[in-house]
Amino acid sequence: MKNFLVTLSVFFTMVVVLQIGIGAVFFSLPAEVAKLDSYIHDKKDIVYFGDSTIGHIAKTDIETKTMPQILQKDFPRLHIGTIDHPAYWSSVYTAFILYMKQRHYFPAFVIIPINLRSFSPDWEENPGFQFEEEKLYAKTRGTLLYPFLPFLTAYGGISLYPISDDVFKNYPVIANKKKIGTIGDFDNPSYHTYSAEKMKKKIQVYYLYDLTKNDKNLQNLSAIADAFSHTPTRVIFYITPIDYQTGERYFKKDFLPHVRSTVGVIKQTLSKKHAIVVDMSFALPEGMFDWKQDMYVNEHLNERGRNYVVEKLAQQIRIISP
Amino acid sequence: MAFNSISFLIFFVIVAIAYFLLPHKFQWMLLLLASCFFYMVFIPAYIFVLFLLIFVDYFAGVFIAKSKKKRRKWFLIISILANCGVLFSFKYVNFFASNITQLASFLHWNYSLPVLKIILPIGLSFHTFQSLSYVIEVYRGNQKAERHLGRYALYVLFFPQLVAGPIERPGQLLPQIRKKHPFSSTQALLGLQRMAIGFFKKTVIADRTALLVNQVYNNVTMYQGVPLLLATIAFAWQIYMDFSGYTDIALGAAQVLGFQLMENFNFPYSAGSVKEFWARWHISLSSWFRDYVYIGLGGNRVSWIKHARNIFISFLLSGLWHGANWTFIIWGLLNGVYLLLYAAVKKYVHLQVRGYKKIQQIGNILLTFFLITFSWIFFRANTLSDSVYVVQNVFAGYTKILHNLFSFHLAQMKTSVLPLGIGLGLSVKEILAVSVGIVCIEYLSLQYKKKHLSGVWGWICMLFLLLCILNFSVTQHIQFIYFQF
């Protein structure tokens, strides 16, 4: 048995060593992590994180530039890198930012959109919105765990899908401190048919949740503010505009006060970290949104809306570094 | 605890080391405790269901051995009723309830049966049949009743084969439980090699194929023609790699511990007839139905009508064993039809092509593969209507493809042949790795059959397989197909 164990130990040591080499040389990173690597290498001045709102172009737009591209036009001397993907939110941004910090990469500015819908359980608990692979690769790159990630995820050591569909569908939806149902009750409306009742349900779950200080999204945003607190990087948070006029049409006078209260919690939390927050939540009329082809309300903007947001960001950048 | 998990690997290493450090008289206790732990990871309370059946069958065996003629039969009946009753309660009660409700609705009767929320205990179908095999063999006088309750419990619970077989016969496994198993480095290395082969088949090949199969079969009505055909053929390979991969891990793990379990597969897709296929596929189950149902009913030593009846009953039960769904029943019956047709035309087919043996052999293999793959449609489809849709549409759209081919519209041909837009994730390096991996498997399997270690090349093959497992395992944790049975 002793010889057997020695032989096996030598063999497995060879496997581990070879695998570490393979991981270092051959692994392909998730696209956004690879992009961030290139920005670190190129030392981009601004890193603009975002979800689908920053890249969405309306079919009626004449100017088809995304928000980062519009911002680049305003600051031709600064190099802007974008890390965006539909449904990205603070949990992904946090992993990327810690990745940047580990590599001592401190751009002049980091821009973080705060999508109010991302605090909804429909987003935070959505199995498809967790992006565990990107977060995992960003967190473990350079560690001994990294070469073994495919094996660990395939063999259940680490889960890429921490939230199951069942758990998601049964997650409670709380509004005005009362449970008004589960996500399954609100998520069921198919996108292929429209009804006023379905729209009302969507607005309710997207924007009329109760936001507490323990919310993980808020905690992530605080962690991002903390990450750059004693560094040269200035983080600009901005609350993305929502189509409040549509919200008011369905919920009348109940809509604005509730959402204002939510925005207040976000701003209060981040102000404790001395973070810059540009609040654009109620800045835009419904004519600047482009969600009608999606049937149900979202935060996508047309070119007028995008130009407005970028203008506000540019103003903030100029205030910070004239 | 799934085989394809870190927790199983850690569990197995600990159990194997402890097993060989313990004196022989305590080894069975360790294996029994380990097997109980292994089973309880799924749903702990269900161990009591297993214990109940173990007690019933243990005492049935003891009393059958002690009793005379009529009473022996009663104990056998009690055991069969207990095992089948538990199986029915967990696996089939909802199926029958919903069908009775539907029938009542069809007849305009105001009658419905409640559907219970039950989770099927893992491996129930497998260990039930293994237990029945023991009691039947004791009744037939082929097996001495096991007097040691702990050893009998281990026969049922032995963790490498507890969840998805092979369904062992008492004459094969019980003696091994009593026997001493000193550590053998040859057996341990052969066992580990076999486990590596199994993990490669499962997480590199089967799970990768599952990505294509699941995309199509979970949304069948979105596809027509080539995608359905590709997915069906892919499923034929997925289920083979998945189940034979599981079997390799089970047999390999048992071999490390010094146990020899029965082979469950013998290159089934090289079969030249459906009859031969069933002698090569899931051998432990097909031989169980042959020995305890088919032969029990008279086999083929009866009139042609009764022979047909025996085949249909055996395959109906086989289909039902796999799952409480009409799709499995149709799959089973379809295979029964194949066997009957084969029996009916066997002589005639042989006479027609006597002069062309090789061509006939290849033709038979391809025909058998086609027939079996066609039946897999029913096995894989989620519902009966899905299976009907696939059957109706799997050969649709080919005239358009042929038209495009002859009109040199290659761009259109590509769109019509590959409309899936699926991401199998198959880069050149992955295709290369899987291909070389399969060569390694074949080499190691050949050496395995010779029961000796394969020298430097064997180690290189093992190394390659492990590196493939580390790098090319599908990152979605997919359960073994046969775990659901």
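Read-outs throughout are calculated quantities, based only on the coordinates presented, and are distinct from any laboratory measurement. Just so we're clear, the structure is a prediction, and the values are computed from it rather than from any experiment. Cβ placement follows ideal geometry from the backbone for every residue including glycine, while neighbour counts extend to all protein chains displayed.
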### Message
Which one, B:45, B:90, B:134, projects farthest toward the positive side of the charge dipole computed for chain B from Cβ point charges (K/R +1, D/E -1)?
### Response
B:134
### Query
Roughly how crowded by other chains is peptide A:153-165, in terms of the mean Cβ count from those chains within 10 Å of each of its Cβ atoms?
5
### Task
Take the Cα radius of gyration of chain A and divide it by 2.2 N^0.38 Å, with N its residue count; two decimals is plenty.
1.11
### Estimated vicinal HN-Hα couplings, Hz - segment B:58-74 in sequence order (Karplus 6.51, -1.76, 1.60; Gly, Pro = x)
4, 5, 4, x, 5, 6, 4, 5, 7, 8, 9, 1, 5, 5, 4, 5, 5
## Note on the structure
When A:141, B:208 are arranged by how many other beta-carbons sit within 10 Å of their Cβ, fewest first, they go A:141, B:208
## Note on the structure
Expressed as a whole number, the average count of other chain Cβ atoms within 10 Å around the Cβ atoms of B:442-448 is 0
### Summary
Log entry: pair-distance distribution for segment A:5-95, C-alpha pairs binned every 10 Å from zero, whole % per bin is 14, 30, 24, 14, 10, 6, 2, 0
### Task
Report, please, the projected area of segment A:116-202 averaged over directions, based on the convex hull of its C-alpha atoms, in nm².
7.8 nm²
### Query
For segment B:31-177, what value does the Rg/Rh ratio take when both radii are computed over Cα atoms and Rh is the Kirkwood radius, given to two decimals?
1.07
### Task
Given the peptides B:466-478, A:196-208, B:297-309, arrange them by the average over their residues of other C-beta atoms within 10 Å, most packed first.
B:466-478, A:196-208, B:297-309
### Task
Please provide three numbers in whole Å: the alpha-carbon extents of chain B along the principal axes, with the largest listed first.
78, 67, 53
### nm² value of the averaged projected area, convex hull over the Cα atoms of the protein assembly as shown
44.1 nm²
### Query
Looking only at other chains, what is the average number of their beta-carbon atoms within 10 angstrom of each beta-carbon in A:12-24?
2
### Query
Cα-based Rg (one decimal) and Dmax (whole number) for segment A:57-208, in Å?
19.3, 53
### Fewest-first sequence of B:109, B:331 by Cβ atoms within 10 Å of each Cβ
B:109, B:331
### Message
With viscosity set to 0.692 mPa s at 37 °C, what whole-number translational diffusion coefficient in µm²/s follows for segment A:219-287 from Stokes-Einstein and a Kirkwood radius over Cα pairs?
### Response
246 µm²/s
### Task
Name every cysteine in the protein assembly as shown that ends up alone, with no second cysteine's Cβ under 4.7 Å, or say none.
B:36, B:84, B:468
### Equivalent ellipsoid dimensions for segment B:260-327 as semi-axes, Å, which come from the Cα gyration tensor, largest first
21, 15, 13
### Task
Could you tell me what fraction of 2.2 N^0.38 Å the Cα radius of gyration of segment A:92-132 comes to, as a two-decimal ratio?
1.42
### Query
Whose amide H sits under 5 Å from the amide H of residue A:278, counting only residues 5 or more places off or on another chain, with H placed in the peptide plane?
A:237, A:238, A:239
### Task
Note the per residue figure in Å³ for the convex hull of the C-alpha positions in segment A:82-165.
97 Å³
### Query
Rounded to the nearest 20 Debye, what is the dipole magnitude of the protein assembly as shown about its Cα centre when Lys and Arg each give +1 and Asp and Glu each give -1 at the C-beta?
3200 debye
#### Entry: Derived scalar couplings ³J(HN,Hα) [segment B:88-98; Karplus, 6.51 cos²θ - 1.76 cosθ + 1.60; whole Hz; x for Gly, Pro]
4, 4, 7, 9, 10, 4, 5, 4, 5, 4, 5
### Task
Show the residues, 5+ positions off or on another chain, whose built amide H is closer than 5 Å to the amide H of residue A:181.
A:173
## Note on the structure
Hydrodynamic calc, segment A:137-248: Kirkwood Rh from Cα pairs, then Stokes-Einstein at 25 °C with viscosity 0.890 mPa s, so D in µm² s⁻¹ is 135 µm²/s
### Query
If you wrap a convex hull around the Cα atoms of segment B:292-337, how much volume per residue is inside, in Å³?
55 Å³
### Query
Which value results for Rg/Rh of segment B:87-126 when Rg is the Cα radius of gyration and Rh the Kirkwood radius based on the inverse mean 1/r?
1.11
### Task
Summarise the long-distance tail of P(r) for segment B:133-230 by giving the % of C-alpha pairs beyond 20 Å.
61 percent
### Summary
In the protein assembly as shown, taking the dipole from +1 charges on Lys and Arg beta carbons and -1 charges on Asp and Glu beta carbons about the Cα centre, the listed residue (B:363, A:320, A:127) farthest towards the positive end is B:363
### Task
Sort A:319, A:70 so that the residue with the fewest other Cβ atoms within 10 Å of its own Cβ comes first and the one with the most comes last.
A:319, A:70
### Query
Do you know the relative contact order of segment A:1-133, to the nearest whole percent, from alpha carbon pairs under 8 angstrom that are 6+ apart?
28 percent
